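Here is the structure we will look at.
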Amino acid sequence: METNLVLALGILLLAGLAGGIFISRFKLPAVTGYILAGLAVGPAILKLISWEMVEYLKPVNSIALGIIALVIGGELEIKTLRKLGKSIMWIGVMEILGAATIVFLAMLLVRQSLPNALLLGGLATATAPAATVAVIKEVRSRGPLTDSLLAIVALDDALGVIVFGIMAAVVKVLVSGVESTSISHMVTTPVLEIAYSILLGAMMGFILGVIARRVSKQKTLLTITLGIVFLTAGLASHFHLSAILANMVVGAVIVNTSPRRRKIFNLIEGIEIPIFVTFFALAGASLEIEMLGKVGVVGIIYVVARITGKVAGTYIGGHIGKAEPVVKKYLGWGLMPQAGVVVGLTMVAQDIYPEAGSLILNIILTSVVISELIGPIFSRKVLELAGEVYNEKRKNFPDNSSMT
């Protein structure tokens, strides 16, 4: 099995890289190629990698998500957030509520039970940051839309977990008749999880910052940084906290307090590509194509309602917060990808309401398949329309760039 796992990892890395290079020729984001390549070599099509291998390689996801979260947190520079102003918080809150509300109502319209509709509404809030970050890194975009997008995907995990926790609490009451005191406990539980995750990330970020001041060798600094990322993710998992949020906070602490922040993130940038390739190729290998046919119209309606809620909520939040026109117009379309966190939340939903566990899982997997394939394409397109994509030929940004 160990030899097979190493072989599987090699196949995923090389196939994913080839897929990314190939699909880039058609001006599509490389991350879509990584996913399609993983799907092709995985158990769903060519079967070069078995379901058992995919399952055993799942820890790779935790490693990759930890590094991706650190990179996202590194974009949360206070001076940049101040420039974006209150619009970011308004957008974050409204896009979360928009997705939850519209999916909830849509599920009721297609005659899903109230518990089902509530759980699916809560699950609709989650957005996968990895695909969006990968596209931004690939096209080297900069500008108000890019800054806002990075800030929102960083906030999305925390806000989404809180909203899901509240809806899950209501469902548990509906299906088991829990008393009001239990409702209060269940509502505060996700809030405490977020608070403890932030505290853990802040402590680990402080430790990394202190050590970084005393280390001069680049290789040593990279090793220590990766060690902190893995340690943070491991501690978060052990204490049932959010590993993604904790490592985001590590990145945020470093970028705002450490004099060696540029060195740290430059070192991480040097190992990003193989991590992105492996992560998304493995995600592609994990996809079950047959799931698309099992949920039918309900699954498609969920996907459409979720996207509609994200886009509408972003526009409304941007309008209230007086965001720049380019942010109001395009930001919501960059929030399509859904994976990682939502799969974990789905497991919680199945425990709360096992009667509909299979249906909910199939709907979410359908959303993951669709959003992970088309989401990166939309993300790249809106960045191009906003004029924030670096022009390789001219070595600058387009003339219509919205950058200041």
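Looking at this structure, is residue 32 under 27 Å from residue 267 (Cβ atoms), open to solvent by less than 70 Å² (accessible area, probe 1.4 Å) and out of contact with any Ser or Thr (no Cβ under 6 Å at 6 or more places or on another chain)?
no
Take segment 284-315 and flag every residue that is over 30 Å from residue 61 (Cβ atoms) and surrounded by 19 or more Cβ atoms within 10 Å (Cβ to Cβ).
At the first step, the residues of segment 284-315 found to be over 30 Å from residue 61 (Cβ atoms) are 297, 312, 315.
If the condition is that a residue be over 30 Å from residue 61 (Cβ atoms) and surrounded by 19 or more Cβ atoms within 10 Å (Cβ to Cβ), then 315 is the only one that fits.
Residue pairs, Cβ under 8 Å, 6 or more apart or interchain, first in segment 249-277 and among the polar types (S, T, N, Q), second open to solvent by 60 Å² or more (accessible area, probe 1.4 Å). List them.
Short answer, once both residue conditions are applied: 256/78; 257/206; 258/213.
Of the residues 65, 70, which single one is open to solvent by less than 10 Å² (accessible area, probe 1.4 Å) and either at pLDDT 85 or above or part of a helix (DSSP H, G or I) (or both)?
Of the residues listed, the single one that is open to solvent by less than 10 Å² (accessible area, probe 1.4 Å) and either at pLDDT 85 or above or part of a helix (DSSP H, G or I) (or both) is 70.
Residue-wise test of (1) in a helix (DSSP H, G or I); (2) over 25 Å from residue 138 (Cβ atoms); (3) more than 24 Å from the chain's Cα centre (by Cα).
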| site | (1), (2), (3) |
| --- | --- |
| 6 | yes, yes, yes |
| 12 | yes, no, no |
| 16 | yes, no, no |
| 20 | yes, no, no |
| 27 | no, no, no |
| 33 | yes, no, no |
| 38 | yes, no, no |
| 46 | no, yes, yes |
| 49 | no, no, yes |
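Would a scan of segment 218-227 turn up a residue that is on the phi < 0 side of the Ramachandran plot, among the small types (Gly, Ala, Ser) and at pLDDT below 95?
Looking through segment 218-227, none of the residues is on the phi < 0 side of the Ramachandran plot, among the small types (Gly, Ala, Ser) and at pLDDT below 95.
I'm trying to understand the selection: among the residues of segment 214-229, which are open to solvent by 90 Å² or more (accessible area, probe 1.4 Å) and more than 16 Å from residue 261 (Cβ to Cβ)?
Of all residues in segment 214-229, those open to solvent by 90 Å² or more (accessible area, probe 1.4 Å) come to 214, 216-219, 223.
Those that are open to solvent by 90 Å² or more (accessible area, probe 1.4 Å) and more than 16 Å from residue 261 (Cβ to Cβ): 217, 219, 223.
Hey, could you check segment 303-324 for residues that are among the aliphatic types (A, V, I, L, M) and more than 22 Å from residue 122 (Cβ to Cβ) and say which is modelled with the lowest pLDDT?
323
From the residues in segment 73-100 that are open to solvent by 70 Å² or more (accessible area, probe 1.4 Å) and closer than 20 Å to residue 308 by Cα, which one is modelled with the lowest pLDDT?
89
The values are calculated or read from the model by the stated rules, or taken from the named source; none is laboratory data. All figures in this text were calculated on a predicted structure; none of them were measured in a lab. Quick reminder, even Gly has a Cβ in these numbers, built from the backbone with ideal geometry, and neighbours come from all protein chains shown. In case anyone asks, the SASA skips ligands and DNA or RNA and just uses the protein heavy atoms, side chains included. Shrake-Rupley method; radii C 1.70, N 1.55, O 1.52, S 1.80 Å.
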